[in-house]
Amino acid sequence: MDGQRDSVEFAIIGGGPAGVAAAYDLVRRGRRPVLFEQDDQVGGLSRTVNHHGYRFDIGGHRFFTKSREVESLWHEVLGEDFLRRPRLSRIFYRGRLFHYPLKPMNALLGLGPLKSLRVLLSFLRRRVFPTKPETSFEDWVANRFGYVLYSIFFKTYTEKVWGISCRELSADWAAQRIRNLDLGQALLKALGIGRARRDVASLIEEFDYPKFGPGQMYETMAEKAASRGADVRLNHRVTKVGHDRGRITSVETATPRGSSKVSVERLISTMPLSELVLALAPPVPDEVLDAAKGLRYRSILTVNFVVDLPELLPDTWVYLHAPEVRAGRLQLYKNWSPFMVEDPSKSTLGLEYFCFEGDEFWTAGEPALVEIGKVDLRTLRLVDLSLVRNAFVVRYPKAYPMYDTGYSQRLHTIRTYLEGFPNLVCAGRYGQFRYNNMDHSIMSSLLGVRRLLGEGVDPWAVNVEAEYHEETSSRPAEDTAPLPSVPT
């Protein structure tokens, strides 16, 4: 790491995938950026938590992309430690595990003939009499899959994730995340009726994954960047971003040793967009401030267990479409990589819960949350609780930008204002308030570097049409969205 500098050419806020990739790219170009990260490790939501030798994701983070540049970057960083892993994901619904995507006999035996008929009739009805205009998530999904299928495979899970009715969630969310996956076609095929469209590719069966979890990728990337001149400053929380005459001029941070300030020539921000606006000094106009305060985020909390059994289920993850449990998804980290466990005679699992930062669930104590996790496991009957040995909780705030009604106009107001700073680039999921996949976030930061170096590229153009997520032909983008079509 460098010594503390009072003036830097390139500053980066945030040490998640986008921020670390920007630092790595800049050192490849002969620059010496400073990166500010408020936590004591890099990786952001994609960091890996090491608990007594057992490694856990915060959710699950698969690596695959259509971008040759991003794929090359990942392999350049990790080499042989970048593994190809098999994928199995299923949906837990009414005490049964459904293969995802649906398979004929599994769907028939699971739903039963009457339910299957209701699904088909509902699907056909919406095709003939769709809801117009499509303003909500419910409108968008039910129009394409029928209300019955929507209520089975989308409604309960989605409302767990976002904490609001699907009628309050913008149709933009569905259009971005599940555009090319037609579950109606998948069900028809599963029932032996019709064929899936040729331009809708099946779900992937393999993905890439770092040997020791996703955090290994970004810790290694940051170490290599630092070895070539980047200054990676952990435990530096940005408190103020100074500007003058239409240019960003400085960054102030709070650290365990006090505050610090550096002058900057160019800034890449991957911190939450609302927090960036609130940190600008002098303060922004009232309408921009109000827009920033109106942006909402959903946080994730995981309850993690070490289990005294070499294998639990064959799945990498299981979607919990069960209203009787609060958890949204079950992760089985040993199936992501066998190197995630220290002792091969044991397994690990994580239950994902979604909440708002500061609410009653978020602020509950660890013993209470562990007990909730155990109650959910007992209810699901997927794991023998007598075999559970160790448990702990991980909290991550502002994990998911919320596409609620009105978010689009608020985002437009903020973007319009920030365009007045030519030496500022916003990148990544949080920096752009966009539910980007990991490779999209990285690509936005790589384009951000080029823009600040004078190229005519637009970091906001990445993932505008969201035209792929689960295709096999070109290895699609890592999907971190908590929906059955695009898992976290």
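Throughout, read-outs are computed from the coordinates displayed, never taken from laboratory work. Predicted model only: the values in this text are computed from it and were never measured. Glycine gets a Cβ as well: all are built from the backbone with ideal geometry, and neighbour counts include every protein chain shown.
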Task: Chain lengthening between L453 and D290 when straightened (0.36 nm per residue, less Cα-Cα) - done: 55.5 nm
TODO: Taking amide H positions as placed in the peptide plane 1.01 Å from N, state which residues far from I12 in sequence (5 or more) or on other chains have amide H under 5 Å from it.
DONE: V34, L35, F36, I268
Task: Order of Y218, Y333 - criterion: other Cβ atoms within 10 Å of each residue's Cβ, fewest first - done: Y333, Y218
TODO: Using only Cα atoms, find the angle between the long axis of helix 438-452 and the longest principal axis of the chain, and express it within 0 to 90 degrees, rounded to the nearest 10.
DONE: 20 degrees
Task: Helix-only CD estimate at 222 nm, as mean residue ellipticity for the chain, using -39500 (n - 2.57) per DSSP H run (n ≥ 4) - done: -10000 deg cm²/dmol
Task: Residues S46, S170, S386, S151 arranged by fewest to most Cβ contacts within 10 Å - done: S386, S151, S170, S46
- [ ] Please work out the FRET efficiency for the pair E223 and T379, using the Cβ-Cβ distance as r and a Förster radius of 56 Å; give the result to the nearest 0.05.
- [x] 0.85
Open item on the list: If I fit a long axis through the Cα atoms of helix 104-128 and take the longest principal axis of the Cα atoms of the chain, what angle between them do I get, 0 to 90°, rounded to 10?
Closed with: 70 degrees
Task: Neighbour-limited loop hits for trypsin sites (Lys or Arg not before Pro), the stretch 362-465 (at most 10 other Cβ within 10 Å; DSSP other than H, G, I, E, B) - done: R381
Open item on the list: Give me the one-decimal nm value for the distance between modelled label points at E366 and N423, 7 Å along each residue's Cα-to-Cβ direction.
Closed with: 4.4 nm
Task: Other-chain or far-sequence residues with amide H under 5 Å of E357's (modelled H) - done: S299, K398
TODO: Specify which labelled value, from [x] 70, 54, 43; [y] 76, 47, 47; [z] 91, 52, 48, agrees with Cα extents along the principal axes in Å derived from the coordinates of the model shown.
DONE: [x]
- [ ] List, in order, the whole-Hz ³J(HN,Hα) value for each residue of the stretch 297-308 obtained from phi through the Karplus relation with A = 6.51, B = -1.76, C = 1.60 and θ = phi - 60°; use x for Gly and Pro.
- [x] 10, 10, 9, 10, 9, 10, 10, 10, 10, 9, 10, 7
Open item on the list: Let's test the formula: R0 of 51 Å, r as the Cβ-Cβ distance of L97 and R237. What FRET efficiency results, to the nearest 0.05?
Closed with: 0.75
- [ ] On a 0 to 90° scale, report how tilted helix 407-418 is relative to the longest principal axis of the chain, with both axes built from alpha carbons and the result rounded to the nearest 10.
- [x] 20 degrees
Task: Long-range HN-HN contacts of D404 with modeled amide H, under 5 Å - done: S170
- [ ] Calculate one ³J(HN,Hα) per residue across the stretch 325-335 by plugging θ = phi - 60° into the Karplus curve 6.51 cos²θ - 1.76 cosθ + 1.60, and present them in order as whole Hz with x for glycine and proline.
- [x] 10, 7, 4, x, 7, 10, 9, 10, 5, 5, 6
